[in-house]
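First the structure, in the form of structure tokens, and then the observations on it.
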Amino acid sequence: LSEPTIDPITFAGLGEMAGPEFVTELVDTFLDEAPRMLSALREAYAQHAVERFRREAHSLKSNSNTFGALTLGHSARDIELQGLDATKPEALDALDAEFARAAAALKALCNG
Amino acid sequence: MTSTQRWRLLLMTLVVACALLQAWAVPRLPLAYDPAIRGSLDLTMGPTMAGRARAITGLGERSPLSRAGAQLGDLLVFDHPSDGWRLLGAEEAIGLTLTRGDLRRHVEVRAVGDPERDALPVAVITLTYFAARLIALVVGGLIAWRQAASPPLRVLAAVFLSISIVSLYAFWPPGLFNDYVAILVNAVDSFVLYVGFVYFCLAYPAEHPHWRSTAVRRVFRAFFIANALYWTCFPFLVLGLLPDGMRAVIALPIDFLLSAIATVIAVPALWLSWHRTTGVVRQRLAWFGLCLGAVAIVNLGPSTLLPTPGYEIAWEIVAGAVTFAGIAGTGWALLRHRLIDIGFALNRLSVYAVLGLALLAVALVTQGGLSMGLDPVRHALLYGLVTGGLLLALFVPLRSAAERVVQRVLYPRWQVTEETLQRAVDAAAHVRGHDALIDHYREALSAYANGASSAFYDCREAECARIAGDLDAAPLSIVLEATDRSRVIDGRVPRAWREWTGEYAMVAPVVHRDRLTSWLVMGGRPDGRQYRPDEARTIAATVVNLDEDLQSEAQRVNRQLLEDKMAAEQRAREAAESANDAKSSFLATMSHEIRTPMNGVIGMSGVLLDTPLSADQRDVATTIRDSGEALLTIINDILDFSKIEAGRMDVESHPFDLRHCIESALNLIRPRAFEKNVDLVTAIDDDVPRAVSGDSTRLRQVLLNLLSNAVKFTEKGSVTLTVQRAEGDELKFSVRDSGIGLSPAGVSKLFQRFSQAESSTTRQFGGTGLGLVISKKLAELMGGTMTVESEGPGHGSTFRFRISAPATTLAPQTTATKSAVDPAMAERHPLRILLAEDNVVNQKLAMRLLKQMGYSADLAVNGLEAIEHIERQSYDVVLMDVQMPEMDGLEATRVLAERIEADRRPRIIAMTANAMQGDREICIEAGMDDYLTKPIRIDQLVEALLGVHSRKDSPIV
């Protein structure tokens, strides 16, 4: 079973709950915020800031799940759970790539 | 080419040769009775004596021998021996020697034309012999064709073929014939006949175990060896090859001695063979003995069985007829492999005698009516044609009439048994029951057939099943091949069945519209007699009677069943109507009576929880509410189940948003999944229609049940819901978990009412076990099915179900948001809210949702800010993110709990996307009052806010 990049039910649910226009706005916010979170994550990683690293991953997970970006959410959760010490740099690269995918999908959903 | 084929070819070549010879002889038949060319010496002679001499016993007026000076008592020897028995032509020169005492003279006389003498009897003799030869040819040919694999039967075929050639010389025209050749043929034929018979009798029993009775073999051998000896010597006697002195001293005694021995042995041999054997063997031996013996004895000729002078022609007729019958009888016995018992042979004989008399009368009348001006040949032909035609046309009715006469007059006992059977058939009218009828008929038939066993079969398509019977070896069912079927329909036993039916069994079929419906097989009789044709007909007619009785019995039983069924249905209907009314009202009462107090318990515990309580009291009240909800779930399950059982569960059909329905089910499950750290994954195919027609409430119920089960039984991993479009209007759902899985036995028990897969499950996880039964029933009510599969305990399980849900369109929604958002909620339930949340996205979303309900909230971006806000002004509720920088939600809560008394403190609702287990406990322990999982669901938010008691005493800032 290949998991969709964006879970349609969650995304649709968000739209129904908060209104489609607002969701578009919210997605924009996320797309603005997320790169900052990702770079903060890398920064924390570089500085070996364990707690900050965990928190940034947590935030990213939380936001991803809000939009139904389940894969991104899973990756973030994995990083959050295993912590800074067990995380390899490749995982952060993968996270970036997954975010790019999710971002593209979210944009497509908002414009479509 | 196999040995059998070679033999067949050889013998068939012989058959063709014989047939050609006979064809050659046919045109010469008129010689025998055409007075224009038939010649005669007009004398009668005694039997052949030693040296071929025959005494003159009568001389006609016109005999050329009278003119040559011959007298009665003179001994006569023909120059050509065959002149003594062949048919002579008119004016043919015949050389002969006359002896009177010591006087011997040679004369040559001319045969005189003899139009008056014995034209008809001679024709009869000739025809009889000719027919016997023709029959021998046919029998020999058939044996050669069918039995070429068996050496004794090959020999027998050769014997019959040789018989078919011999005596043809009687038809050959005078002057052309070399009588030495004739004698040689005669001698060889005789030799072949007897040696062949002897060999047959020695070798044939070896192939047929029935014959291995020593006594029988011995007498048969003796009989045939004696005959063979006699016939081996005959040519010497006839041809006079011995010197005169020797002939007088040896030949004559030997001749008489051997003939006497042959005859004396032949009769006791037959008698002994009859008395020494029993059953089938006896019938078979008696028949062969009778037929072969008759042919042999007749062939001993006039020298042994001295015919009274003057009756030679009568003798010839009898001898010819006996030969004919013997050959035909042997052939019939061998080729049909069936025998007729002597009693029946006599019976038939008398029937045909009656028939013959009737025909004679017809013949006389016909002859009287014929014009007398015809020449003899045409006369005979016309006569034959008319009589034959009549015979052919009237044969069957005439025979039946003759049978009746014979039966009544000569065989009263047969008539008695037949009448007994008839009475039994009549009595069957009072027999009730299918099996009883069959048994009744079988008993009657058994009595009729001397205690023979039988079996009754009923046919469906190719297979026939045994219904009743005491024929031990009869199989319980038989598959009928086409050939078997046609044999049974013809009333014959298929060859392969003889193993279990016995040699002389018979089949009585019942046929409807060319279709075999049933049949009775009668085993062979204990005494070995086979069924006579009239008996077979009677038995067959009785079986048809049985079938008719069975049919009327079946109709009677059906009628009775129908009446009983209708009466029972009437009673059942009346009972069901009253029972159903009672059940319906009981269910209605129960659902109301149970739910009302439960709602009271749950509702009041909720109210109680909203009052200021100590931690212990709150704990107790929460337990009451949770238990009440659990009990209500169980009660709802039971009521649903009862409804389904009573057939009162109705499924509606209305258009609804499929994804919305799925989502609402997921929403209810999500918190628990989150609590257990179980991923909830959903995959809906793109081609799944948005709106479908069906019962959304029931679909949600099924989904909820499966999902909550999946979450319940999964400790870690994920629960995946997939929705796909199936063929037609069907939707395929599957709920896959990575939980405890199922054993094969568990799978089979799963959908049974009141049963969980393992009894330990109930203890560990609770539940009534009704949920899945209800879900399955609901899926079925929605036009689908439900199945489960599992790779085994510990490997998770997958529940699949289908429902019929045609795609449709939804009526346009007036509002974009359909969820339970009430814009006036803030008016009815005013609250001061602080949102403590660092994440921008989460801030915006939470603010938006609150705004939709009419609330505006203050914002704090970390725990410290939150504390500042709370200390500065009072809030009814704080929506507290757990993970925040500077100070997280837990720490902030602990600080607030320390600083502010419980009753003045705002209600703190945790909002967390935490993946940790025991999250909720941590939050509660830190002093938080409620707990929301992120992503935030609006209904959960509403519920959480409704749980907050607004402080109407405090002014809203």
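Bear in mind that the values in this text are calculations on the coordinates, not laboratory data. Predicted, not measured: the structure shown is a model, and the values here were computed from it. Here the Cβ is made from the backbone with ideal geometry for all residues, glycine too, and neighbour counts use every protein chain on show.
Taking all C-alpha pairs of chain A, those more than 23 Å from each other amount to 27 percent.
Summarising the amide proton neighbourhood of B:Ile467: residues at separation of 5 or more, or on other chains, whose placed amide H is nearer than 5 Å comprise B:Phe456, B:Tyr457, B:Asp458. Taking amide H as placed 1.01 Å from N in the peptide plane, B:Ser518 has its amide H under 5 Å from the amide H of B:Cys459, B:Val510, each at least 5 places away in sequence or on another chain. Spin-label model, B:Glu886 to B:Val479: label points 7 Å out along the Cα-to-beta-carbon direction sit 9.1 nm apart. Computed from the C-alpha gyration tensor, the three semi-axes of the ellipsoid equivalent to the range B:596-745 are 32, 21, 16 Å, from longest to shortest. Give the Kirkwood hydrodynamic radius (Å, one decimal) of the range A:11-56, defined as one over the mean of 1/r across all pairs of different Cα atoms. Across the range A:11-56, the inverse of the average 1/r is 12.0 Å. In whole angstrom, note down how far apart the Cα centers of the range B:436-455 and the range A:69-112 are. The two parts, judged by their Cα centres, are 91 Å apart. Building the convex hull from the alpha-carbon atoms of the range B:662-740 and averaging its projection over directions returns 5.1 nm². Here the Karplus relation 6.51 cos²θ - 1.76 cosθ + 1.60, evaluated at θ = phi - 60°, turns the backbone of the range B:480-494 into coupling constants of 8, 6, 4, 5, 4, 4, 5, 5, 5, 4, 6, x, 10, 7, x Hz, with x for every Gly and Pro. For the range B:433-483, the set of GluC sites (Glu not before Pro) satisfying both a DSSP loop assignment and a count of at most 15 other C-beta atoms within 10 Å is given as B:Glu461, B:Glu481. For the range B:420-540, the spread of Cα positions along the three principal axes, ordered from largest to smallest, is 36, 32, 25 Å. Computed from backbone phi with θ = phi - 60° and the Karplus coefficients 6.51, -1.76 and 1.60, the 3J(HN,Hα) list for the range B:848-862 is 4, 5, 5, 5, 4, 8, x, 9, 10, 10, 7, 10, 10, 9, 7 Hz; x is used for glycine and proline. Charged neighbours of B:Arg920, selected by a Cβ distance under 13 Å, balance to -4 (K, R count +1; D, E count -1).
The amide H of B:Gly58, built 1.01 Å from its N in the peptide plane, has B:Thr44 as neighbours under 5 Å, considering only residues 5 or more places off or on other chains.
If the viscosity is 0.692 mPa s and the temperature 37 °C, what Stokes-Einstein diffusion coefficient in µm²/s follows for the range B:486-534 when Rh is the Kirkwood radius over Cα pairs? D, rounded to a whole number, is 291 µm²/s.
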